[in-house]
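The values are calculated or read from the model by the stated rules, or taken from the named source; none is laboratory data. Just so it is clear, the structure is predicted and the values come from calculations on it, not from any experiment. Cβ placement follows ideal geometry from the backbone for every residue including glycine, while neighbour counts extend to all protein chains displayed. Just so you know, the surface numbers come from the protein's heavy atoms only, side chains and all, with ligands and any DNA or RNA stripped out. Shrake-Rupley method; radii C 1.70, N 1.55, O 1.52, S 1.80 Å.
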Amino acid sequence: MRPFVSVPSRVRIASIDDVTEIVRVQAEAARPAATISSLQRAIFDPKREVVVATMNGTIIGWAKTHYWNYSDGAASAGHYLGGVTVARHFRRIGVADKLTAVRLEWIWQRAAEAWCVISPKNLASIALHQRFGFREMARSDRFHTTTFNGAEGILYKLSNPHSIADE
């Protein structure tokens, strides 16, 4: 296991000009394909945030949020952290942490809580979200439109630390 070393990266809001590079990072990471049209919709949606991490001007990771305006079983309406993808050579060095921190600050400007759903097989993502203080709320084979290939996924919640209306 590599020691944790922070890499000098910058996180910024994604633009339409970043879509091709986001698709490249997704493909290089052997992650499910992100379509150009779905990325364009997310970038232009005022209820969502898409961010990229760059190093020396090159995109090395990206992440997004989702907004659900209705509850679906245990999954409440609200702002959700979407997937994080970091290029293979830049993993486990703090890039995903930066992408998550920026998205959470965006959510805290809008909501009292943030949500995410994670496959129990994705131990790196679970550890990442637990470092931020996310707590398990439920398990199910589906949360909103996210499914887990016949397995159970985990719903996590984090309360806004800046909110006086915390539970």
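GNM remark for the chain: springs join alpha carbons under 10 Å apart, and the peak mean-square fluctuation among THR54, THR35, THR85 falls on THR35.
In the chain, helical runs assigned H by DSSP with n ≥ 4 each contribute -39500 (n - 2.57); averaged across all residues and rounded to the nearest 500, the mean residue ellipticity at 222 nm is -7500 deg cm²/dmol. Starting from the Cα gyration tensor of segment 68-167, take the square roots of the eigenvalues, sort them a ≥ b ≥ c, and report rounded, prolate or oblate (rounded when a/c is under 1.5, otherwise prolate if a/b is larger than b/c, else oblate). Since a/c reaches 1.5 but b/c is at least a/b, the shape of segment 68-167 is classed as oblate. Fully extending the segment from GLN130 to ALA27, taken as 0.36 nm per residue of separation minus the present Cα-Cα distance, adds 34.4 nm.
Using a 10 Å Cβ count of at most 13 others and DSSP loop calls, identify the longest part of the chain lacking such chymotrypsin sites (Phe, Trp or Tyr not before Pro). Between the exposed loop sites, the longest stretch runs 71-167. Taking 14 Å as the straight-line reach from the Cα of LYS121, the aspartates and glutamates in range (excluding those fewer than 8 positions away in the same chain) are ASP141, GLU152.
Using alpha carbon centroids, what distance separates segment 18-90 and segment 103-146, in Å? Value for the Cα centre distance between the two parts: 14 Å. Distance between the pseudo-spin-label points of TYR70 and ARG91 (7 Å out from Cα toward the beta carbon): 3.6 nm.
What shape does segment 108-159 take by its C-alpha gyration tensor, where a ≥ b ≥ c are the square roots of the eigenvalues and a/c under 1.5 counts as rounded, a/b above b/c as prolate, and the rest as oblate? Oblate is the answer for segment 108-159, as a/c is 1.5 or above yet b/c matches or exceeds a/b.
Simple spin-label estimate for SER15 and LYS121 gives 3.8 nm between the two label positions (7 Å along the Cα-to-Cβ direction from each Cα). Rounded to the nearest 20, the size of the Cβ-charge dipole of segment 34-111 about its Cα centre is 200 debye, with Lys and Arg at +1 and Asp and Glu at -1.
Does segment 1-140 come out rounded, prolate or oblate by the C-alpha gyration tensor, with a ≥ b ≥ c the root eigenvalues, rounded set by a/c under 1.5 and, if not, prolate when a/b is larger than b/c and oblate if not? It comes out oblate by the Cα gyration axes. Using Cβ point charges alone (K and R +1, D and E -1), the dipole size of the chain about the Cα centre works out to roughly 440 debye.
Relative contact order of segment 1-113, taken over Cα pairs closer than 8 Å and 6 or more residues apart, is 28 percent. Taking all protein chains together, ARG103, ARG110 sort by accessible area into ARG110, ARG103, largest first [probe 1.4 Å].
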